[in-house]
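The values are calculated or read from the model by the stated rules, or taken from the named source; none is laboratory data. It should be emphasised that the depicted structure is a prediction, and the values quoted were computed from it without experimental measurement. No Cβ is skipped: glycine too gets one built from the backbone with ideal geometry, and neighbour counts run over all protein chains shown.
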Amino acid sequence: MGLIQEVNQLNSKIKFSIILDENPNAYINERKILFITTGLLKYIPNYEALIGVLAHEVGHLENYHITKRIKSISNLRSINKLSTLSVIAASIMANNSDFLVQSMITNQMGIQNYYSSFSREQEREADIFAAQTLNQLHISPEPLKKFLKILEKESFQKGLTEEDYKFSSHPVYKERFDILENESINQKYKSDQKFSDQFFFIKAKLFGFTENDGNELNKYLKNDYYEYANSIILARKGELKKSLIILNNLINKYPKNIFLMETKADLLIPHGYTEEAMRFYQKVYDKDKNNHHIKKTMFEIEYERIEKKHNKFPQEFFYDYSDLLMIFENNIMLHNKLRKIALLLEKNEWVNFIDTNTYFNDISNKEVLKILNNILITSQDKKLINFTKKKIKLIPNE
C-alpha cells in the first residue's frame, strides 16, 4: 500500500482489516479503513493483481466517491420510499454496493438505475486510477485482468447474467478489460521476487487456517508454500510434531522470513506452550516493531496470565500496550480490557478517553470533542495528551 500512496503522492493514512469471508472482495470506508476478504487473498493469482485491486479501492477514496455517494442518497430521499432507500444507504455506507445484485431489488426501477449509473461512473474512475497506478509502478495489467476473468467466471457460475449487471455498481467485465487495455502504456514491466514470496506465504497461511483438507491446497499453492499451509493444517488437526518438523525446515531454509517464526508461535499456543510462544513472538516483534498483530497477541496472553494470577496490573503494562487503543479502534474486547486496567489503576482520564469511542458507544461527535478538549485542559499525561490530539483530528464535523 505504501507504494500506491507514494507514486500517487497521497497523504491519506489507510488502515487494513481482513474479514473472514469466502467471497473475493475489497472495499474502503470513510474512516480510511480498507477491508479485504480472505476470499480475495486466497484466490487472487499474485501480488501484482492484489496491488491493482487495492489501487482501485484507494481510487474511490482519492476521488471522494464515498462523500459523493452519501450526498446522492440525501438528494434521493424525497422521491423514494424509506424501505428501499434504507437498503441502498446500507449498501453505500458499507461500500459494498454489489449487495444490490445479491438482493435483486425489483421495485423503484428509476431510482436504482440512477444509483447504478452514478456508482458505475465512480467505478470507471477507480479502474482508471488503478490502471494509472500500475503504470507508475511498472506493473503489468495482465495479472489484474486475469483476476477479473476469475471473477467473471464465478459470477456466471452463480447464475448472474449481463442483464443483472444493470443493478450492479461495477461496469461489465469487458468494459473493465478495455479500461486496463486503453490506459496501459508500452514499457518494460518489473516483478519483485521478495514481494511475490511474501504474498504467497501470506496466502498459504490463510489457506492453512481456513481449510481443513490439505489435498485441496494443490489447486492454489505449490512447493514450499504448499508445505507451509499443510504444516498449519496438521497442527490444527493435533499433529503438532509433524507440523513443527515441516515448519522448522522452512525456518531454516528462509532464516530472514520472520513470518514463519510468528506462525510457529501461533501453532504452539493452542497446544499449551504459551511461554515458548511468547519467546517467539518477542523475537519477531523485536525485529518488526510495526507488527501490531503480534503486540496485540502478546497483550492478550499477558492480560490473561496477570488476571488469573492476582489481577494486579502494573502501570507499565498499561502504558506499554495503550497504543493498541489507537491501532485497533473497532476491537471492543481489547478496549474493554484496557478500560478495566485503567479503572483498576484509577486512571479516570484514560477511562473517559476510551469511552469516546463511537464504534461502541452511542455518543455524538460534539460530546466526544467536549470530553477530549477537557482532557487536553486537565491532563498531565503526555501519552494521553498525544493520543487525544490525534483523535480530535480524526473526528468529522457534524
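The table below lists the values:
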| read-out | value |
| --- | --- |
| Qualifying residue in the stretch 243-266 (condition: among the hydrophobic types (A, V, I, L, M, F, W, C) and touching a residue at least 60 places away in the same chain (Cβ under 8 Å)) | yes |
| Residues of the stretch 240-267 that turn out to be over 14 Å from Ile294 (Cα atoms) and part of a helix (DSSP H, G or I), as a count | 14 |
| Scope the stretch 273-296; condition among the aliphatic types (A, V, I, L, M), under 18 Å from Phe209 (Cβ atoms) and assigned by TED's automatic domain parsing to the domain that holds Lys205; matching residues | Ala277, Val284 |
| Scan of the stretch 305-348 for residues that are of a type outside the set (Phe, Trp, Tyr), assigned to a helix (DSSP H, G or I) and crowded, with 18+ Cβ neighbours inside 10 Å, ordered by number | Leu324, Leu325, Leu334, His335, Lys337, Leu338, Arg339, Ile341, Ala342 |
| Filtered residues of the stretch 275-300 (kept if under 23 Å from Arg339 (Cα atoms) and outside any loop (DSSP other than H, G, I, E, B)) | His292, His293, Ile294, Lys295, Lys296, Thr297, Met298, Phe299, Glu300 |
| Boolean, Asp381 is surrounded by 13 or more Cβ atoms within 10 Å (Cβ to Cβ), free of Cβ contacts under 8 Å to residues at least 24 places away in the same chain and acidic (Asp, Glu) | no |
| Output for the stretch 349-377, where each listed residue is of a type in the set (Val, Ile, Thr), out of contact with any helix residue (DSSP H, G or I) (no Cβ under 7 Å at 6 or more places or on another chain) and farther than 21 Å from Ile33 by Cβ | Ile377 |
| Tally of residues being at pLDDT 75 or above and not in a loop (DSSP other than H, G, I, E, B) across the stretch 154-189 | 10 |
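The rows are residues; the columns are (1) under 26 Å from the mean Cα position of the chain (by Cα); (2) outside the structural domain of Leu217 (by TED's automatic domain parsing); (3) not aliphatic (A, V, I, L, M).
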| residue | (1), (2), (3) |
| --- | --- |
| Glu239 | no, no, yes |
| Asn248 | no, no, yes |
| Lys256 | yes, no, yes |
| Met261 | yes, no, no |
| His271 | no, no, yes |
| Phe299 | yes, yes, yes |
| Asn330 | yes, yes, yes |
